[in-house]
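Heads up, the thing below is written out as structure tokens.
No value in this document is a laboratory result; all are computed from the given coordinates. The structure displayed is predicted, hence computed values, not measured ones. Because the Cβ atoms are built from the backbone with ideal geometry, glycine has one as well, and the counts that use them run over all protein chains shown.
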């Protein structure tokens, strides 16, 4: 075990060094700290966006869900990628153009100034929602990393979360978003290679691919069926709603500040299509490897009341890999969750300094102090919060997607939106999402779907009323 610990610490320090070394390109400005000065090449921005989109969720949450549910979990990522792709056709390029034209560094700035307006109340509301739920989301990343350290080293859950918080703050003190992006790239290549090796060795251990498929078929009657089970409506409508719900989760990508900021950092708007090709190529590869390892773990890891399915990846690495490579996998996984948490914390910092407290927007020191505050709060949530990674991510994702996604989509259609209409779209989207979840209807269709639909309906109901007149029209 000592070899695993030393290997883990060694490679973790390499990942940290990569992130911290980004300080050599730092321009000591908020623009560079929060958006890397719009200087990131397409392949790097794309790889970082995929890693940020998934990391702890994919390596911990989705592998665990596949372990438990079988091949039916494929609909989660199928719907997710489809919805993401549809929205990207409308949003990515226009978002990049608008942020540079208007010098916007936060998501609240994007939503409040897209039309050349200055919606201060909207910006404050967006900032508060961002800090609250993106803070919870970053806590889920700390929790994912701490779970991996617990299963391999038997360290207390709080130990991993504290180490992660220190690393995140180190990234933020050095290169800001650039540190996160550089580390994303390094750990992504390591994790893709590691999961490929895990799958190959695991399939060999069970006697080849044919035996792998045969044994999966014996796990449970419907384990290899893509037909979703356990739905409230066990019919075609129930299945359609299940898939549609996760497609709306993909729509919700445009409402995630920490992901969309990657597309805001690329070096040239003309490179957006190239960025998208890299993005979806990496996304699909990650997904295939994730499902393969998730299914394989069900054959090699015994099912018991004491086994946490979210620990399948690190546990499987213990069985199949030599100790040195176990440390590499764990360092890559831990670094992945931390670089995602880093970007989420940075988005929260931007929200605090530019949206909630706009008078401090030009002070880089204050921005870094805000980063420290958000990191501490996320750490406390990770240590004392009781929900698992999958639940934390699903909740935060749905709230952010329903709050911001509809408004950003409407903007890209070149539609006029008044401040009161925008505020109502955000609040009603969040309210419906919460109400749907509280009513226990999330098992019928993922709550982000009714939240997004409610936001869009709000706009279409108000668009021809006096409430939707822009300030210039009212004067």
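You can think of it this way: the chain between residue 457 and residue 323 has 42.7 nm of extra reach, that is 0.36 nm per residue less the Cα-Cα gap. Using alpha carbons only, how many degrees (0 to 90, rounded to 10) separate the axis of helix 120-129 from the longest principal axis of the chain? Computed tilt is about 10 degrees. Here the peptides 68-75, 101-108, 136-143, 27-34 are ranked by packing, the mean other Cβ count within 10 Å, and the order with the highest first is 136-143, 101-108, 68-75, 27-34. Against the chain, whose longest principal axis comes from its Cα atoms, helix 177-205 is set at around 30 degrees. With helices as the sole contributors, the chain gives -24000 deg cm²/dmol at 222 nm; each DSSP H run of n ≥ 4 counts as -39500 (n - 2.57), and the sum is divided by every residue.
If R₀ is 45 angstrom, what is the calculated FRET efficiency for the pair residue 363 and residue 306, using the beta carbon separation as r and rounding to 0.05?
Details: r = 50 Å, r/R0 = 1.11.
My answer for the efficiency is 0.35.
Model label points for residue 86 and residue 213, set 7 angstrom from Cα along the Cα-to-Cβ axis, are 3.1 nm apart. Per-residue packing, averaged as other Cβ atoms within 10 Å, sorts the ranges 172-180, 340-348, 127-135, 206-214 into the order 340-348, 172-180, 127-135, 206-214, beginning with the highest. With the highest mean first, a sort of the peptides 282-292, 38-48 on other beta-carbon atoms found within 10 angstrom per residue produces 38-48, 282-292.
The stretch between residue 6 and residue 467, if pulled fully straight at 0.36 nm per residue, gains 159.7 nm over its current Cα-Cα span. Measure nothing fancy, just the Cα-based angle from helix 2-20's long axis to the longest principal axis of the chain, in degrees from 0 to 90, nearest 10. So the inclination is approximately 20 degrees.
For the pair residue 223 and residue 132, the difference between a 0.36 nm per residue extended length and the Cα-Cα distance amounts to 29.0 nm.
Between residue 17 and residue 244, the modelled label-to-label distance comes to 5.4 nm, taking each label 7 Å out from Cα in the direction of the beta carbon. Round to a whole angstrom and tell me the spacing of the C-alpha centers of segment 207-282 and segment 396-424. Using only Cα atoms to place each centre, the spacing works out to 24 Å.
Starting from the Cα gyration tensor of the chain, take the square roots of the eigenvalues, sort them a ≥ b ≥ c, and report rounded, prolate or oblate (rounded when a/c is under 1.5, otherwise prolate if a/b is larger than b/c, else oblate). In terms of gyration-tensor shape, oblate.
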